[in-house]
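Remarks on the structure that follows.
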Amino acid sequence: MQNTKPSSKMFLDIVDELRLMIKAEGIKAGDKIPSERVLAERLQVGRSTVREALRSLELLGLIETRRGEGTYLADFKKHQLVEVLSTFVMQQPKSALDVTDTRIIHEKAAIQTICGDEQKRNLPVWEGLLIKLDEDGEVLREDIMREMIVATDNRLSLKIWFILKQYSKVPYELMTEGIENDIVRSLLKHLIEGNVSEAINAYDQWIEHIEGEDKE
């Protein structure tokens with residue numbers, strides 16, 4: 001029987017292992033990467049976990065799937081979205097507030113989309129995050145929000161969100177802690193149940209808590 005790691009293993013862990021494998025094997029843009037089954041065996045994780053990671057990478061334009069042929073490493077340098085938005089951020093005097101407002105719009109839209117779609121509400125990643133909270137007592141903030149954006153299956157929104165996050169002052173690179181865990185747990189549970197108003201309310205509490213850290 002295949003020895004798989006827990007299903008709660010996070011996106012960044014899988015992506016990092018994929019990155020190291022691609023570098024070690026000299027896989028270049030345009031080259032085919034191993035199949036989902038092979039990756040699951042080599043990385044010792046479940047195929048559903050690999051599938052979610054590959055889906056995220058494809059949404060970002062880092063890999064591309066060709067029907068009947070397989071999955072290939074894409075030439076991400078062709079994408080100019082980063083340069084375009086970066087130029088806007090650097091040139092506009094009000095850009096910091098615009099970045100924050102736009103990021104929040106994307107995040108709330110993601111929550112609304114998930115709550116309104118039974119299939120997206122039933123994705124295993126939400127239970128995985130809850131398990132991680134219960135077992136580890138913390139979870140990376142970025143993991144939570146990124147998975148919500150990924151779940152919308154909106155490639156452009158995901159790319160924009162990554163850039164907005166980069167220029168935003170919200171500290172998503174930190175782990176959740178204390179009362180924040182209760183807020184996040186509430187957000188995830190309402191997300192699973194499709195309670196959009198309650199989920200948005202929990203999100204607002206979460207962001208207020210995070211932003212309050214900078215004022216202490």
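Rank these residues by their accessible area, most exposed first, probe 1.4 Å: K32, K169.
Numbers: K32 115, K169 175 Å².
From most accessible down to least: K169, K32.
Given the pairs K108/K189; K132/K189; K132/K159, which are separated by over 19 angstrom at their Cα positions?
Details: K108/K189 16 Å; K132/K189 14 Å; K132/K159 26 Å.
Check vs 19 Å cut-off fails for K132/K159.
What spacing in nm lies between the two simple spin-label points modelled at L156 and K189, each 7 Å away from Cα in the Cβ direction?
With each label placed 7 Å out from Cα toward Cβ, I get 3.7 nm.
Going 7 Å from the Cα of R121 toward and past its Cβ, which residues in the range 175-216 have a backbone nitrogen under 17 Å from where you end up?
186-203
Please give me, ordered by residue number, the trypsin sites (Lys or Arg not before Pro) of the range 177-216 that lie in loop per DSSP and have at most 13 other Cβ atoms within 10 Å.
Hits after loop and neighbour filter: K215.
Taking a cut-off of 14 Å, what percent of all Cα-Cα pairs in the range 98-161 are separated by more than that? Can you show the working numbers first?
Numbers: 1182 of 2016 pairs.
Taking all Cα-Cα pairs of the range 98-161, the fraction more than 14 Å apart is 59 percent.
Can you tally the net charge around G194? Count Lys and Arg as +1, Asp and Glu as -1, for every other residue whose Cβ sits under 12 Å from the Cβ of G194.
Taking every other residue near G194 into account, the sum is -1.
The values are calculated or read from the model by the stated rules, or taken from the named source; none is laboratory data. Keep in mind the model is a prediction, meaning the values are calculated, not measured. Don't worry about glycine lacking a Cβ; one is built from the backbone with ideal geometry, like all the others, and counts go over all protein chains shown. Remember, those area values only see protein heavy atoms, side chains included, never the ligands or the DNA or RNA. Shrake-Rupley method; radii C 1.70, N 1.55, O 1.52, S 1.80 Å.
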